[in-house]
Each structure stands twice: as structure tokens, then as C-alpha cells.
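Structure, as C-alpha cells:
The values are calculated or read from the model by the stated rules, or taken from the named source; none is laboratory data. Computed from a predicted model, the values in this text were never measured in an experiment. Positions of Cβ are generated from backbone atoms using ideal geometry, with glycine treated the same way; all protein chains shown enter the neighbour counts. Please note that ligands, DNA and RNA were not included when accessible areas were found on the heavy atoms of the full protein model with its side chains. Shrake-Rupley method; radii C 1.70, N 1.55, O 1.52, S 1.80 Å.
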Amino acid sequence: MKNTMNFSGEHLAYLKKQRRRKIIIFLSRWLILALILGLWELLTYFKVMDPFITSSPSRVIRTIGSLYESGDLFRHIGITLGETVAGFFIAVAAGYSIAVVLWSSETVRAVVEPYIVVLNSLPKIALGPLIIIWIGTDCTAIIFMTVIVGIILCIMNTLAGFLAVDPTKLTLMKAMGAGRLATLTKLVVPASLPALMNTLKVAVGLAWIGSIMGEYIVSRAGLGYLIVYGGQVMKLDLVMTATFILCVLAGCMYGIIALIEKFVVKQF
Amino acid sequence: MLEFKSISYSYHTKSGETAAVSDLNFTVGKGQFVSVIGPSGCGKSTILSLAAGLLKPSSGEIIKGSGEFGYMLQRDALFEWRTVEQNIFLPLEIKKRNTAEMRARAVGLAEKYGLKDFLKKSPSQLSGGMRQRAALIRTLAAEPEILLLDEPFSALDYQTRLEVCDDVQSIIKSEKKTALLVTHDISEAIALSDKVVVLSARPAHVVAEHMIAFGDSPKSRRNDSRFAETFEVLRKELGI
């Protein structure tokens, strides 16, 4: 194996170029954010844009501060985060279980397929009134909304991962006399881990859509509630603040999944 | 050890029925290495599936001795998420014989056949030849009596193929296993086997059987003048 000591000059130049490119990308990303925020702040400061309509970074920070002081900040974040995380886990777990059932029987798969196709294309928000009447107006309803927004995709992606398992490996398991359960646990589940990671990434985004959509329809607290309420009373600082917090939270949750993926898929 | 008695087998698909094998007769004696060659698509793999009991014959009888089958496939099908060692333990786990004793035996086999330094590695760190060797050790780990080899070398490049071919043959011989190989490669069949069974095109039946007696290793056979003669005979019988 080589080490840095005996790399050729050409290779060192190549490494240097790669490193420089990485730094440029990193800096550019932050620069764009700083530019947007700075411009936004300046334009509102000099009244080119009306901060009542567009809010501004400093007003967002002030709003966060006042929400924090009144003790509302973490209450709203906690509620929405709780709903999103609960909905996410239920959708993934239930979706995975249903995918296992569909995987195990080709006949069941064929029977259920049209239902999945229709449910997949149905805009879930259409179920809003039904959910309120059937489940009520507390956060269970919002979690339910989150689950139905995500579950179909979880089923379809997971199942696709199961069915993409190398047929040679399936033959091998069969030849060794493995039953359905052994095939599932020893081959299908581990082989489809990368597919599961992809599903999780998409499911996280859908969970946020579900919880905020749920809060739009029915809620008394949460970030989605703040956005709707802020819009109704023309408190756009509140709308911007809640949106900003959502961006940060969604980014963090995606980051956690991406980190887990890196760790899990390393072995593949 | 293994006897096919007037075996027929048909595939059923929507578009109809395809006779893959018809009135097939041959035997594999204990400790014998038998190769089945035939034109491609003649139902060679079907024969192995029938032998292993994965498929039931439409008619006829397969007489089996005691002991289990071990399967080796066209590709090694090693699980990337397991180390080489864990791959070798796979059949033990599935057959619920995952005892310390069986594991030690499997590791012993792996060490005996040059996989000692690779046991804790991932399959992706192994060369194609080494991977196929690991696949063979995996097959042997469950102590099968008969090995069913489904063109196990066809996915390898030519040089590796000769190497692995000799390798696998010597391991099978020194472990005193019975083997049934299906292949479309005439020279592979001659180099490896005690007996070559030539099949017709679909529906497959036996055209000829040849005992190969010269040479004592695949290498010495390839260097023997009778290799080319046998090759010609088989080639004509296959009609190519």
C-alpha cells in the first residue's frame, strides 16, 4: 500500500485540486445563505421591501426570542416534532410489515395491487374531513394524517427492495432448504437494507408534509398551526419564523437518516 | 448413489407446455465426478433441480442414496453484508446445525484450502477465483454427500476459470465427495470428470456416455494427446 510519502507530484496536485474543490463547494453553500439573509435584511431595513409583508431575519430572531420567553417555542416545536416522528415511525414500521406480507405471497400481491395504486394517487388531504369526524381534533388525527401520507410509499419502496433481491441468492437459499422465514431474515431483510435507507429518506420528507398538512386542517398548537394562525392575523413574522424552524428541523432529521445510512450501507 | 430412471419433466407456462427432459437415464456412482454436457438451453439446470428435489419429475424415478446435496451455482452468490466466515456458516444456520463443532470443521476446511487470511474479510475484497473457492467451502460446510455444480465457472474469465476449475476438482476429490456438474464447456467436462454424459437438444435425453480414464489431474489431462480426440468425439455428438 502506498502512503503520502511516495505519491507522485501529479497525484499530489490531483489531491490538492480535489481538496480545493471541496472547500469551494462548502464556502459557496454558506455564502449563498449569507447573501440571501443579508440582502433580505438590508432590503427591509432600508424599506425597499415592506417588513410587514416579507418579515426579515432580525424580526424572525426577535420572534423566536419572544416565543422562547413566553415558553411557547418548545411547546410548538415539541408538538409538531412529536407528531412527525411518531407518524414517521408508524408509517415505516407498518409499511415494512405490510411489504413483508405482500412479499411472501404473489397472490396477495396481485389482489392488493390496484388498491395500492389508487391509494397512492389519491391526494390524502381529501381525507381531512373524514379524519376529523372519525378520529377527532387532537394530535392523534394529525399523526394519522402523517401515517397515511407516508405509508403507501413505504410499502411500495420496501416491496420493490424485497423483490430486487438477486435471484441467484434466492436459488441458493432454496437449494440449502431455507424456508420463507429464513429466506426473509437471512437474505431479503439484509439485502434490502440500502433500499430501506432510501425509503427512510423519502419517508422523512413525507412525514413533515403529513404533519403540517394535518395541522393546517385541525390543530391548536404546533408549527403548522403557527403558520396558519400567523397567516390569518397577518403576523408574517410568525409565519416566517415557523417556516424557518421547520427548515432547520427537517434538515436535521434528514441529516440523521443520512448519517445512519452511511453507517449501515458501508458494508455493501 | 444417484440414479435417474426414465425421467421426464415439462415446464408449464401460459403459452404452453415445454418438455425439458424426456426419458433420461444415467447414474452417478459414489465418489464419481460426473459431468453432463449438452447444447445450451437443453435443460441442464433442470437436471440438477430434479436431483436436489427442487423440482418433481413429471414421470420416472430418481433413486438417491443417503446424504444431503450441496449446490454450487453459476455465480458465487456470497452475501456482501457477511464476512467470508459468516458466509461459510450460512448453510449451518439454515440447516440448524450451527454448533461449535460444525463451525470449527467449516473453518478447518477454509484454512485447509487457503482461505485462512480471508475469513474475516468481506467477499468484495476477494478475487473472482477466491470467491468461487469460498462458495465451494460454503457448500461443503454442511457436509453434503453429493455436490451439484451448475456451471460454477462460467462467470469467470478464462485464466481464473482454468485455475478455479482445477482447484475445485482437487478439493472435491480430496474430500471424497460425489459430484454432478452440468456445463456447456466440453473441455471443462473432459478435464474434470470420471464420466461425461452427453445430452441431446431439448427435450434432453442421453446421447452417449464416456468414461474418462486417462490422466490423473485436470492439468495432465489437458496435456494428454487423448484430450483432443475425446474433445472431437464429444463435439460431434453434440452436433457442433
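Computed values, structure above
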| read-out | value |
| --- | --- |
| Single residue of the range B:146-166 satisfying the filter (out of contact with any Ser or Thr (no Cβ under 6 Å at 6 or more places or on another chain) and among the acidic types (D, E)) that is least open to solvent (accessible area, probe 1.4 Å) | B:D166 |
| Which listed residue, of B:Y71, B:Y9, is at pLDDT 85 or above, away from every other protein chain (no Cβ under 14 Å) and either assigned to a helix (DSSP H, G or I) or in contact with a helix residue (DSSP H, G or I) (Cβ under 7 Å, 6 or more places away or on another chain) (or both) | B:Y9 |
| Qualifying residue in the range A:246-263 (condition: over 20 Å from the mean Cα position of the chain (by Cα) and either farther than 26 Å from A:L33 by Cα or more than 14 Å from chain B (Cβ to nearest Cβ) (or both)) | no |
| Residues of the range B:1-25 that turn out to be in contact (Cβ under 8 Å) with a residue 12 or more places away in the chain and either on the phi > 0 side of the Ramachandran plot or among the aliphatic types (A, V, I, L, M) (or both), as a count | 9 |
| Matching option when the condition is open to solvent by 50 Å² or more (accessible area, probe 1.4 Å) and within 30 Å of B:R103 (Cα to Cα), among B:K64, B:K14, B:K5 | B:K64 |
| Residue in the range A:174-181 that is part of a helix (DSSP H, G or I) and in contact (Cβ under 8 Å) with a residue 40 or more places away in the chain present | yes |
| Tabulated pairs, the range B:49-64, first within 13 Å of chain A (Cβ to nearest Cβ) and under 18 Å from A:L170 (Cα atoms), second hydrophobic (A, V, I, L, M, F, W, C) and part of a loop (DSSP other than H, G, I, E, B), C-beta under 9 angstrom, 6+ apart or interchain | B:S49/B:L55 |
| Residue match in the range A:224-241 (condition: farther than 13 Å from A:T80 by Cβ, part of a helix (DSSP H, G or I), touching a Cys at 6+ places or on another chain (Cβ under 9 Å) and open to solvent by 60 Å² or more (accessible area, probe 1.4 Å)) | no |
| Residues satisfying the stated conditions in the range A:1-36, i.e. part of a helix (DSSP H, G or I) and open to solvent by less than 70 Å² (accessible area, probe 1.4 Å) | A:G9, A:H11, A:A13, A:L15, A:I25, A:S28, A:A34 |
| Condition check for B:S66: in a loop (DSSP other than H, G, I, E, B) and within 27 Å of B:K173 (Cβ to Cβ) | yes |
| Per-region count, the range B:34-48, residues surrounded by fewer than 21 Cβ atoms within 10 Å (Cβ to Cβ), away from every other protein chain (no Cβ under 14 Å) and either in contact with a strand residue (DSSP E or B) (Cβ under 7 Å, 6 or more places away or on another chain) or polar (S, T, N, Q) (or both) | 1 |
| Strands (runs of 3 or more DSSP E) (entirely within the range B:158-240) containing at least 2 residues that are of a type in the set (S, T, N, Q) | B:178-183 |
| Condition broken by A:G210, with the remaining ones in (1) assigned to a loop (DSSP other than H, G, I, E, B); (2) more than 14 Å from chain B (Cβ to nearest Cβ); (3) not aliphatic (A, V, I, L, M) satisfied | (1) |
| Filter result for the condition that a residue is open to solvent by 30 Å² or more (accessible area, probe 1.4 Å) and under 19 Å from A:A195 (Cα atoms), over A:V112, A:V117, A:V108, A:V100 | A:V100 |
| Hey, B:D76 without any contact (Cβ under 8 Å) to a residue 40 or more places away in the chain and either within 9 Å of chain A (Cβ to nearest Cβ) or within 20 Å of the chain's Cα centre (by Cα) (or both) or not | no |
| Hits in the range B:99-129 - residues which are more than 11 Å from chain A (Cβ to nearest Cβ), in contact (Cβ under 8 Å) with a residue 12 or more places away in the chain and open to solvent by 70 Å² or more (accessible area, probe 1.4 Å) | B:R103, B:R105, B:K120, B:K121 |
| Residue check, B:A52 within 19 Å of the chain's Cα centre (by Cα) and closer than 28 Å to B:H205 by Cβ | yes |
| Flag for B:K96 being open to solvent by 30 Å² or more (accessible area, probe 1.4 Å), free of Cβ contacts under 8 Å to residues at least 40 places away in the same chain and part of a loop (DSSP other than H, G, I, E, B) | yes |
| Complete set of residues in the range A:45-92 that are among the aromatic types (F, W, Y), more than 25 Å from A:D138 (Cα to Cα) and assigned to a helix (DSSP H, G or I) | A:Y45, A:F52 |
| So A:L200, is it farther than 19 Å from A:I79 by Cβ, within 11 Å of another protein chain (Cβ to nearest Cβ) and either in contact (Cβ under 8 Å) with a residue 12 or more places away in the chain or in a helix (DSSP H, G or I) (or both) | no |
